[in-house]
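The values are calculated or read from the model by the stated rules, or taken from the named source; none is laboratory data. Given the structure is predicted, the values throughout are model-derived calculations rather than measurements. When we count neighbours, we look across all protein chains shown, and the Cβ atoms used for this are built from the backbone with ideal geometry, even at glycine. Just so you know, the surface numbers come from the protein's heavy atoms only, side chains and all, with ligands and any DNA or RNA stripped out. Shrake-Rupley method; radii C 1.70, N 1.55, O 1.52, S 1.80 Å.
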Amino acid sequence: MNKLQEYIDANEKKFREELFELLRIPSISTSSQNKDDVKEAAKFLTKQFESIGLDRVTMHETPGHPIVTAEKCQHDDQPTVLVYGHYDVQPSDPDMLWNTPPFEPTVKNGRVYARGASDDKGQSFTHIKAIESYMKTGTELPVNVKFILEGEEEIGSPNLIPFIKAHKDLLSCDMVLISDTAMFGEDQPSITYGLRGLAYMELEVTGPNRDLHSGVYGGAVENPANLLCEIVSKLKNGNGKISIPGFYDDVEPLTEEQREAIHELPFDEEAFKKNLDLNEVDGEEGYNTHERTTARPSLDVNGLWSGYQGEGAKTVLPAKAGAKVSK
Ligand SMILES: [Zn+2]
């Protein structure tokens with residue numbers, strides 16, 4: 001193992017510079033303006049795989065963003081681990097809320113700040129550099145390793161399932177290691193065995209056929225913005241329960257064992273609140289903060305728009321109002 005650690009220590013700076021190069025690529029999958037950037041990130045990873053000497057390195061085009069695969073399978077009798085990760089990122093806006101530029105990685109207090117640093121470029125890169133360390137020191141890999149890195153995770157992976165179905169042999173494995181998760185604490189590595197999933201919706205309320213003057217029409221015509229707020233306010237009841245009929249039908253209840261395990265995790269609620277400048281935490285009655293954030297469903301408004309957003313006042317009764325909502 002010494003040889004590996006020596007290689008890692010000796011190359012720390014190089015690893016970091018390469019990661020920063022990847023972090024500088026604004027591979028925002030949801031933005032059509034960044035399509036070339038997303039491809040650039042895929043090419044960068046392809047080159048990484050080639051340079052560390054993996055086999056069957058391929059950048060597969062899809063109807064959306066590319067999928068990169070590579071492997072090192074040396075022994076038939078060894079188990080095969082497929083490492084999954086993604087190289088696309090969420091939009092960085094509003095950029096003015098960033099303390100440092102989102103696509104210029106900055107180290108503060110030993111941490112790297114950049115869009116995608118911890119989701120999921122950093123984690124994916126850790127696996128690549130781990131395999132590189134084996135390859136470059138001539139250390140035999142204890143398992144066969146395959147990689148699949150996609151560029152559409154942040155938009156719901158529309159091309160991943162068709163790709164998997166069409167490449168069963170290429171991806172065949174004994175286990176999948178998903179790097180797209182977090183460590184519980186700085187000194188507490190963790191294995192994530194389940195996630196809550198995501199459903200994303202957009203709703204629009206339409207009223208009159210054009211924007212109206214609220215001084216002339218207000219009070220006589222239903223205001224879509226008022227109505228939207230009313231709808232949103234009814235999505236949850238006062239106890240943090242989501243009031244959409246049938247919402248909890250398929251939610252698996254937590255077992256006693258799971259609840260005990262969750263309660264055992266070291267968690268400082270005071271520090272959690274302090275970090276967010278909050279006096280109180282809030283959520284579904286009967287569950288603690290951990291259960292609420294990991295095992296119980298949530299529902300949040302992610303965006304709201306209607307009416308006049310500019311400086312000062314405009315007496316508008318908007319024709320439309322909209323919201324983005326996810327669970
Ligand atoms: Zn992710």
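Just T181, T139, T46 to compare: in a GNM of the chain, with alpha carbon springs under 10 Å, which one fluctuates most?
T139
Treating the angle as unsigned and between 0 and 90°, give the value, to the nearest 10°, between the Cα long axis of helix 35-52 and the longest Cα principal axis of the chain.
So the inclination is approximately 20 degrees.
Heavy atoms of the protein only, probe of 1.4 Å, neighbouring chains included. What is the accessible area of C229 in Å², nearest 10?
Rounded to the nearest 10, that gives 80 Å².
Per residue of the stretch 270-276, what does 6.51 cos²θ - 1.76 cosθ + 1.60 with θ = phi - 60° give for ³J(HN,Hα)? Whole Hz please, x for Gly and Pro, Karplus curve as stated.
5, 5, 4, 5, 4, 4, 9
Based on the mean of other Cβ atoms within 10 Å per residue, sort peptides 160-168, 251-259, 83-91 so the most packed one is first. It would help to have the intermediate numbers written out before the result.
Working: 160-168: 12.8, 251-259: 11.1, 83-91: 23.4.
By packing density, highest mean first, the sequence is 83-91, 160-168, 251-259.
What angle do you read, to the nearest 10 degrees and between 0 and 90, between the alpha-carbon axis of helix 224-233 and the longest principal axis of the chain?
Taking Cα atoms only, the helix is inclined about 60 degrees.
Select from the stretch 277-325 those trypsin sites (Lys or Arg not before Pro) which occupy a DSSP coil region and have at most 14 other Cβ atoms within 10 Å, ordered by residue number.
Details: sites: R292, K314, K320, K324; in loops: K314.
Of the trypsin sites (Lys or Arg not before Pro), the ones in loops of the stretch 277-325 whose Cβ has at most 14 other Cβ atoms within 10 Å are K314.
Please work out the average accessible area per residue across the stretch 89-134, using the 1.4 Å probe convention, and give it in Å².
I get 52 Å² per residue for the stretch 89-134.
Leaving ligands, DNA and RNA out of it, report the carbon-plus-sulfur percent of the accessible area of the stretch 199-327 at a 1.4 Å probe. Display every interim value, and only then the final one.
Values: 4410 of 8900 Å².
Carbon and sulfur atoms account for 50 percent of the accessible area of the stretch 199-327.
What list of ³J(HN,Hα) couplings, whole Hz, do you get for the stretch 281-286 from phi and the Karplus terms 6.51, -1.76, 1.60, once you set θ to phi - 60° and write x for glycine and proline?
9, 8, x, 4, 4, x
If you roll a 1.4 Å probe over the stretch 2-178 with all protein chains in place, what percent of the accessible area is carbon or sulfur? Could the numbers behind the result be given before it?
Numbers: 4750 of 9250 Å².
Solvent-exposed carbon and sulfur of the stretch 2-178 make up 51 percent of the total.
Got the relative contact order for the stretch 200-326 handy, in percent, Cα pairs under 8 Å and 6 or more residues apart? Walk me through the intermediate numbers first.
Values: 146 pairs, mean separation 60.4, N = 127.
Reported as a whole number, the value is 48 percent.
Compute the normalised compactness of the stretch 58-217: alpha-carbon radius of gyration over 2.2 N^0.38 Å, N being the residue count.
1.39
So how tilted is helix 121-136 from the main axis of the chain? Cα-based, degrees 0 to 90, rounded to 10.
0 degrees
Over the heavy atoms of I28, what accessible area does a 1.4 Å probe trace out, to the nearest 10 Å²?
Here the residue's solvent-accessible area equals roughly 20 Å².
Net charge near R56, counting Lys/Arg +1 and Asp/Glu -1 over other residues with Cβ under 13 Å of its Cβ?
Values: positive: K72, K146; negative: E50, D55, E71, D169.
Net local charge, R56 excluded: -2.
Given a cut-off of under 8 Å on Cα pairs at least six residues apart, what relative contact order in percent is computed for the chain? All intermediate terms of the calculation are to be shown ahead of the outcome.
Numbers: 467 pairs, mean separation 56.8, N = 327.
The value is 17 percent.
Per DSSP helix of 4 or more residues, -39500 (n - 2.57); summed, then divided by the residues of the chain. What does that give at 222 nm, rounded to the nearest 500?
On the way: 11 runs with 102 residues, N = 327.
Computed ellipticity for the chain at 222 nm equals -9000 deg cm²/dmol.
For the stretch 193-255, what does the accessible surface come to per residue with a 1.4 Å probe? Please give it in Å². If you can, show how the numbers build up before the last one.
Values: 4700 Å² over 63 residues.
Result: 75 Å² per residue.
So who's got an amide H within less than 5 Å of the one on V83, skipping anything under 5 residues away but keeping other chains? H placed 1.01 Å off N, in plane.
K146, F147, I148, L177
Along each of its three principal axes, how wide is the spread of alpha-carbon positions in the stretch 200-326, in whole angstrom units, largest first?
Per principal axis, max minus min of the Cα coordinates gives 61, 35, 22 Å.
Work out, in µm²/s and without decimals, the Stokes-Einstein translational diffusion coefficient of the chain at 20 °C, 1.002 mPa s, Rh from Kirkwood over C-alpha pairs. Walk me through the numbers on the way to the answer.
Numbers: Rh = 23.3 Å.
Rounded, D is 92 µm²/s.
Here is the link list: K13/K47; K43/K327; K108/K324; K3/K168. Which ones come out longer than 29 Å on Cα distance?
Values: K13/K47 19 Å; K43/K327 33 Å; K108/K324 33 Å; K3/K168 35 Å.
From K13/K47; K43/K327; K108/K324; K3/K168, over 29 Å: K43/K327; K108/K324; K3/K168.
Protein chains only, probe 1.4 Å: how do F49, F247 rank by accessible area, largest first?
Values: F49 0, F247 35 Å².
Reading off the accessible areas and sorting them downward yields F247, F49.
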